[in-house]
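Chemist: Sending over a structure as structure tokens; questions will come in a sec.
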Amino acid sequence: MDALENILNRVSARALSDPHPSKEEMDIVYKAALRAPDHAWLRTSSFIEVKNKGLDKLSKVFEDFAKEDKNVSADIIEKYKNAPYRAPMIVILVNSYKEHPKVPAIEQKLSTATAAQNIMLALNAMKYSCIWRTGKLAFNKSVQANLNLEDHQEILGYLYIGTESGEKKKIPNLDIDDFVSYL
């Protein structure tokens, strides 16, 4: 697939199903992720791949988080419990902050965010689709602890991965002048 065509036509799927990428395909995807800008080569980005029985483990982590709030409804607990099953594979985006005099924490997070975009573009080029989700389950110390992450590590989101199913989203026609100014 042409690189510009890939970028201009990538859109998050409405729904995802099997198949998901193979181990060999994901190795290429992770190589693409690690080509993201990384000031001082700190290598702050890492990924937790979740599929098969791992989805059950993640479901339990999400359910336990929901139950921490004694005022939460049974419907919300069920929603969190079922969240991992929206796709056959999830990649959890983890940023591991490293103290550096020239690279602030925000720049390290942006590096992980660009790694996520590279993952999404690589998957799109391979004819897979992806949805980036955040919300209460990201940036969350409780979930991070239940996934055995350390204090300097933070979840920046979840990439739900699979084959697009259902109707494809329309790519919006945006007026560049609404977004670009010139000095």
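Each reported figure results from applying straightforward, stated rules to the coordinates on display, with no laboratory input. Here the structure is a predicted model, which means the values were calculated and not measured. Counting neighbours? That spans all protein chains shown, and the Cβs are built from the backbone with ideal geometry, glycine included.
Chemist: Taking the Cα centre of each part, how many Å lie between the range 90-117 and the range 1-57?
Modeler: After rounding, the separation between the Cα centres reads 15 Å.
Chemist: Something else: With the cut-off at 1.5 for a/c, could you classify the range 28-165 from its C-alpha gyration tensor as rounded, prolate or oblate? Intermediate values should be presented prior to the final figure.
Modeler: Values: a/c = 2.50, a/b = 1.29, b/c = 1.94.
The shape class here is oblate.
Chemist: Using a 7 Å offset from the Cα along the Cα-to-Cβ direction at both Glu167 and Glu25, what is the distance between the two label points in nm, to one decimal?
Modeler: For Glu167 paired with Glu25, the spin-label model returns 2.6 nm.
Chemist: Just want to confirm a number: the relative contact order over the chain, from Cα pairs under 8 angstrom separated by 6+ residues, in percent.
Modeler: Details: 280 pairs, mean separation 65.0, N = 183.
It comes to 36 percent, rounded to a whole number.
Chemist: Tell me the mean residue ellipticity at 222 nm calculated for the chain from its helices only (DSSP H runs of n ≥ 4, each -39500 (n - 2.57), averaged over every residue, nearest 500). Walk me through the numbers before you get to the answer.
Modeler: Numbers: 6 runs with 69 residues, N = 183.
That calculation yields -11500 deg cm²/dmol at 222 nm.
Chemist: Something else: State the extension gain, in nm to one decimal, for the chain segment bounded by Lys60 and Asn146, taking 0.36 nm per residue of separation less the distance between their alpha-carbons.
Modeler: Values: separation 86, 0.36 × 86 = 30.96 nm, distance 0.96 nm.
Here the segment from Lys60 to Asn146 would lengthen by 30.0 nm.
Chemist: Tell me the trypsin sites (Lys or Arg not before Pro) within the range 80-142 that lie in a loop according to DSSP and have at most 14 other beta-carbon atoms within 10 Å. Please list the in-between numbers first.
Modeler: Details: sites: Lys81, Arg86, Lys98, Lys102, Lys109, Lys127, Arg133, Lys136, Lys141; in loops: Lys98, Lys102, Lys127.
Those satisfying the criteria are Lys98, Lys102, Lys127.
Chemist: Taking other Cβ within 10 Å of each residue's Cβ, how do Ile48, Ile119, Ile7, Ile106 sort, fewest first?
Modeler: On the way: Ile48 16, Ile119 25, Ile7 13, Ile106 8.
Fewest-to-most ranking of Ile48, Ile119, Ile7, Ile106: Ile106, Ile7, Ile48, Ile119.
Chemist: Give me the one-decimal nm value for the distance between modelled label points at Glu68 and Val180, 7 Å along each residue's Cα-to-Cβ direction.
Modeler: 4.4 nm
Chemist: If you find the alpha carbon centre of the range 64-88 and of the range 137-183, how far apart are they in angstrom?
Modeler: What the calculation gives is 20 Å, centre to centre.
Chemist: Let me ask something else about it. Residues with amide H under 5 Å of Ala15's amide H, sequence separation 5 or more or different chain, H placed in the peptide plane at 1.01 Å from N; which?
Modeler: Residues meeting the criterion, in which the H sits 1.01 Å from N, are Ser165.
Chemist: Rounded if a/c is under 1.5, else prolate if a/b is larger than b/c, else oblate: which is the range 118-163, with a ≥ b ≥ c the root eigenvalues of its Cα gyration tensor?
Modeler: On the way: a/c = 3.21, a/b = 2.55, b/c = 1.26.
In terms of gyration-tensor shape, prolate.
Chemist: Separate question: Got the relative contact order for the range 104-177 handy, in percent, Cα pairs under 8 Å and 6 or more residues apart?
Modeler: Values: 54 pairs, mean separation 23.5, N = 74.
Once normalised by length, the contact order is 32 percent.
Chemist: Could you tell me which of Asn9, Ala36, Ala66 has its Cα farthest along the dipole of the range 1-68 towards the positive end, charges placed at Cβ (Lys, Arg +1; Asp, Glu -1), taken about the Cα centre?
Modeler: Checked the options; the winner is Ala66.
Chemist: Are there chymotrypsin sites (Phe, Trp or Tyr not before Pro) in the range 117-177 that DSSP puts in a loop and that have at most 14 other Cβ atoms within 10 Å, and which ones?
Modeler: Numbers: sites: Tyr128, Trp132, Phe139, Tyr158, Tyr160; in loops: Tyr128, Phe139.
Qualifying residues, ordered by number: Phe139.
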